[in-house]
Amino acid sequence: MNRTLGEITGFVSTYPTGLPIYLIVAAMLFVLGIMACMLRRNAIGILIGIELILNAAILNFMAFWRFRGGLDTDPTMSGPMFGIFAIVLAACEAAVALAILLNLYFNFGSVEVDKIRQMKH
Amino acid sequence: MSTEAANIAFTGWQGANIAFWVITVVVLVSAFFAALSRNIVQAAFALFFCLLGIAGYYLLLGSAFLAVTQIIIYVGGILVLLMFGILLTNRPLQRDLPYSPWLYMLVCIAGLLLLAAIESVIMMVSWHQVATLSVPASDVRPLGKMLITKYLLPFELVGITLLLCLVGAAYLVRRREQ
C-alpha cells in the first residue's frame, strides 16, 4: 500500500502517524542505548543504555501490532502481551544487576567498569 | 457499544498526531541526555522523561494497560531502583570521568553508521499497514482473558522468574557476618 508522505508523518489527519515513523524513533532509541553502552564507564550508565534498548524493542512490537490492526484483527493481544512480559523481565534484570553492582561497590569501592578487571579479589 | 463505536471509520487523527510529535521531541531529547550526559544523576532524570514519553506512545498505539504498566513498573520501580543504585554507589556529585576524544568520536561514528543502516532498511521496505485504523477500544478485558488462557504458562513462568530474581537479588546484597 502506497501512502503519501503526509499520511505517513501524520500531517494529513485521515490516518494516525505511520509505522515507519515509529520504527525510526525506535531505531534512534536503540542506537542511543548502544552508544551509552559503549561510552559509559559507570556501570549504572550502561544499565540506563540497556533500558533504552529494551524500550526501543517493545515500541517496535507495539507499533507492528497496532498497524496490523491492533485489537480488531488480533484479539490475542500479542503486542501488549510481549510488552508486559518484557517489562517484567526488565524489572528482574534491573534488580539482579543492581545487586551485583552493589556487591562490586562493596568489594572494589567503585562501579567504574574500567577499574574492574575481575569479579573476585 | 464500544465495538460499534470502534467500527465507524474515524478520520479525526490530528489530535493524536500532534500528541505524537510532541512526545517524539520529548523522548528523543531526553533519550539523548540519558545516553550521553556525563552526570549520571542527570541521565537518570532524563530517562524518567523518556520512559514517560514512551508510555504516551503506548497510549497512542492503543494499549492503555501497557502505558500504565510502563509508568508503574518502569518509572515507579526500575527507575527508583536505578536511583538508589546511583546514590549508593556514587560519591556525591561525582561526574563520570571525561571520555577520551578518540573513544567519543569512534562511538559517535559507529552510532551514526548503525542508525544509517537501520533507517535505510526501514525506508527500503514498503510496510504493510491496514487501510483504516479504528479508535483503540479498552484493552484491559482482552488482556486479562488472554493472560489466563493462551498465555497462562508464560505468565506463571514469568511470575516464578520474578520471584527467583528478587530473592536472588536480596540474597546477593545481604550483609555478611564478620
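Coordinate-derived values only; no laboratory data. None of these values were measured; they are calculated from a predicted model. Every residue, glycine as well, gets a Cβ built from its backbone with ideal geometry; the counts of neighbours run over all protein chains shown.
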Distance in nm between label sites at A:LEU89 and A:ILE116, each 7 Å beyond Cα in the beta-carbon direction? 2.3 nm
Cα centre as origin, Lys/Arg/Asp/Glu Cβ charges: the protein assembly as shown dipole, Debye: 820 debye
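For peptide B:12-19, compute the average count of partner chain beta-carbon atoms within 10 Å of each residue's beta-carbon. All intermediate terms of the calculation are to be shown ahead of the outcome.
Details: counts 2, 8, 6, 1, 4, 10, 4, 2.
Averaged over the peptide's residues, the number is 5.
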Listed residues A:GLY69, A:CYS92, A:VAL111: farthest to the positive end of the dipole of segment A:48-121 (Cβ charges): A:VAL111
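Where does the protein assembly as shown land on Rg/Rh, using Cα atoms and the Kirkwood Rh?
On the way: Rg = 20.8 Å, Rh = 20.6 Å.
Answer for the protein assembly as shown: 1.01.
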Calculate the FRET efficiency for B:VAL167 and A:THR4 from the Cβ-Cβ distance with a Förster distance of 51 Å, rounded to the nearest 0.05. 0.40
Taking the dipole about the Cα centre of chain B, with the C-beta of Lys and Arg at +1 and of Asp and Glu at -1, give me whichever of B:TYR171, B:ILE118, B:GLY77 is farthest to the positive side. B:TYR171
Under the 0.36 nm per residue contour assumption, what length would be gained going from the current alpha-carbon distance of B:TRP102 and B:LEU153 to full extension? 13.5 nm
The helix B:14-36 Cα axis meets the longest alpha-carbon principal axis of chain B at an angle in degrees, between 0 and 90 and rounded to 10, of 20 degrees
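Using a Förster distance of 45 angstrom, determine the FRET efficiency expected from the C-beta separation of A:PHE106 and B:ILE72, and round it to 0.05.
Values: r = 30 Å, r/R0 = 0.67.
Result of the calculation: an efficiency of 0.90.
Which of the three applies to segment B:78-178, rounded, prolate or oblate, going by the alpha-carbon gyration tensor with a ≥ b ≥ c and a/c under 1.5 meaning rounded?
Working: a/c = 2.74, a/b = 1.11, b/c = 2.48.
Oblate, since a/c reaches 1.5 and b/c is not below a/b.
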Answer in debye to the nearest 20: the dipole magnitude of chain A about its Cα centre, from +1 Lys/Arg and -1 Asp/Glu charges placed on Cβ, is 360 debye
In nm, the gap between the two label points placed 7 Å beyond Cα toward Cβ at A:VAL96 and B:GLU119 is 3.6 nm
Got a sec to turn the phi values of segment B:152-163 into Karplus ³J(HN,Hα) couplings, 6.51 cos²θ - 1.76 cosθ + 1.60 with θ = phi - 60°, whole Hz, x for Gly and Pro? 5, 5, x, 4, 5, 4, 5, x, 5, 4, 4, 4
If the chain between B:ARG175 and B:LEU28 were fully extended at 0.36 nm per residue, the gain over the current Cα-Cα distance would be 48.9 nm
In cubic angstrom per residue, the convex hull of chain A built on its Cα atoms measures 120 Å³
